[in-house]
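Read the structure below first, then the notes.
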Amino acid sequence: MPWWGWPTILFFTTFLIGVFGVMAGIGGGVLFVPLAASFFPFHIDFVRGTGLFIALGSSLAAAPHLLEKNLASLKLAMPSALVASTFAIIGAFLGLWLSALNPAYIQGSLGVTIIGIVFIMLFAKNSENPSVTHGNYLTQLLQINGIYTEETTGKEIRWTVHNTTKGMLGFVIVGLLAGIFGLGAGWANVAILNLVMGAPVKVAVATSSFALSITDSTAAWIYMNKGAVLPILTVPSMIGIMLGANIGSKLLPKVKPSVIRNMVIGVLFFAGVRSLMKAFGI
Amino acid sequence: MENFSSFENASEQQLYAKIVYHMNHLGLFALVAGFALYLTGMLTPHVPLEDLPQYWSLPLEQYLEKTGALTGWQWISELGYGDVAPLIGVAVLASITLVCYLVLFFQFLQRGIKPLVVITVIELFFMLLSASNLIQISH
């Protein structure tokens, strides 16, 4: 194959990831890393570097709109992202270190993580408006609360969160996974913000999407400084996923999201198994 | 029961959104422009495009050893090379949060919101630390 063959296939693959990722409500990074690590010839070090920039680029593109609409909350994102980004640094070094010891360690643990994510996606059910009557000390100290307008009803929703300490412990894991594997980790953010801390689901989804831009920035610098960002992979992937997400968001009203979501979860499961097999040299 | 009427969004949120919007456009423009210069051959790359398939499947350390690719901030001095030029866009995108947090720091300081000032300072410290390439690991 000529040199441009794989980057071109990568571009079309990321375009499809963008289209289906948006329709399924699943971030691009979590689909990209296992697929590219399992089915492309690129080394997993470069795949993870690109995965981080895909997640970062998607988050930065969505952030202005979400913040302006008050769906994403700066006050909720800041403490969560601080914990996650601190551990993303540790994760990034851990990932590069493990990969230098033996890339199969990363490939195998990526497979296990992806299969775990598939089960979380299948069984975690979000709660639309969890009942939070009062926040705890940390919530009040950091004034984690806000207001947004529910567009379907025009009603103003006032919200706060609880279980802040437990939630922050969850972000330790989110940060580590983001750093080690280059995954966006939106699937975990939403569960923590909504199910553990009690943020309304719309606020949880939007804040998760926005917070990734903070979390992934620290790990992205480490991958870039170590030389793990190859423009020939990163640029076509970022452009592909952005174009795809744009098309996906236009197709969204015409498709049944649950069908697409199950399809994408199926692909993710397959990529997780493939990654695990690759680790064992199968 | 908490006083729900006192709930509010951070006023800095709208400013943050504007900075992200403009810097993201700038970063994407630099990324695409740098990549176009690379692909069209207007800027010669360190590693010729047709040789890349020999290297992209290598572990990072071997790739760096065999291609002599640069690490840390050395790329700044090599911007005339095709495979380095797109890194300007990458660096702009990775810096957006850093710039936003610098602005937040002064805003929160002015409003005297100490807990948020502390969070901003710690986050800035970690961002600058990771961007500085000062942390190293040995195998």
## Note on the structure
Filter region A:90-118 for residues that are within 16 Å of the chain's Cα centre (by Cα) and among the hydrophobic types (A, V, I, L, M, F, W, C); the one that is nearest to the other protein chains (Cβ to nearest Cβ) is A:A92
### Query
Only one of these conditions is not met by B:F106: (1) modelled with pLDDT under 95; (2) farther than 22 Å from A:A220 by Cβ; (3) part of a helix (DSSP H, G or I). Which number is it?
(1)
### Summary
Note on region A:136-190: residues at the interface with chain B (Cβ under 10 Å from one of its Cβ atoms), out of contact with any Gly (no Cβ under 9 Å at 6 or more places or on another chain) and crowded, with 22+ Cβ neighbours inside 10 Å are A:T139, A:G146
### Query
Do you know which residues across region A:267-277 are under 19 Å from A:T14 (Cβ atoms) and within 18 Å of the chain's Cα centre (by Cα)?
A:V267, A:L268, A:A271, A:G272
#### Entry: Unmet requirement for B:E8, which otherwise passes all of (1) within 9 Å of chain A (Cβ to nearest Cβ); (2) more than 30 Å from A:A199 (Cα to Cα); (3) exposed (fewer than 15 other Cβ atoms within 10 Å of the Cβ)
(2)
### Task
Say whether the condition of being modelled with pLDDT of 85 or more, of a type outside the set (D, E, K, R), closer than 18 Å to A:F32 by Cα and crowded, with 19+ Cβ neighbours inside 10 Å is met by at least one residue in region A:256-264.
no
### Query
Is there a residue being part of a helix (DSSP H, G or I), more than 9 Å from every other protein chain (Cβ to nearest Cβ) and either on the phi > 0 side of the Ramachandran plot or touching a helix residue (DSSP H, G or I) at 6+ places or on another chain (Cβ under 7 Å) (or both) anywhere in region B:80-95?
yes
### Query
Quick one: in region B:109-139, which of the residues that are surrounded by fewer than 16 Cβ atoms within 10 Å (Cβ to Cβ) and outside any helix (DSSP H, G or I) is modelled with the lowest pLDDT?
B:H139
### Task
Just need a number here: residues in region A:53-89 that are more than 9 Å from chain B (Cβ to nearest Cβ), among the aliphatic types (A, V, I, L, M) and more than 21 Å from A:L142 (Cα to Cα).
3
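Matching residues to (1) in a helix (DSSP H, G or I); (2) at pLDDT 85 or above:
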site: A:S109; (1), (2): yes, yes
site: A:T113; (1), (2): yes, yes
site: A:T152; (1), (2): no, no
site: A:H162; (1), (2): no, yes
site: A:L176; (1), (2): yes, yes
#### Entry: Considering residues of region A:1-33 that are in contact with a Lys or Arg (Cβ under 9 Å, 6 or more places away or on another chain) and outside any helix (DSSP H, G or I) only, the residue surrounded by the most Cβ atoms within 10 Å (Cβ to Cβ)
A:I26
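The values are calculated or read from the model by the stated rules, or taken from the named source; none is laboratory data. This is a predicted model, so every value here is computed, not measured. For neighbour counting, all protein chains shown are included, and Cβ atoms are generated from backbone atoms with ideal geometry for every residue, glycine included.
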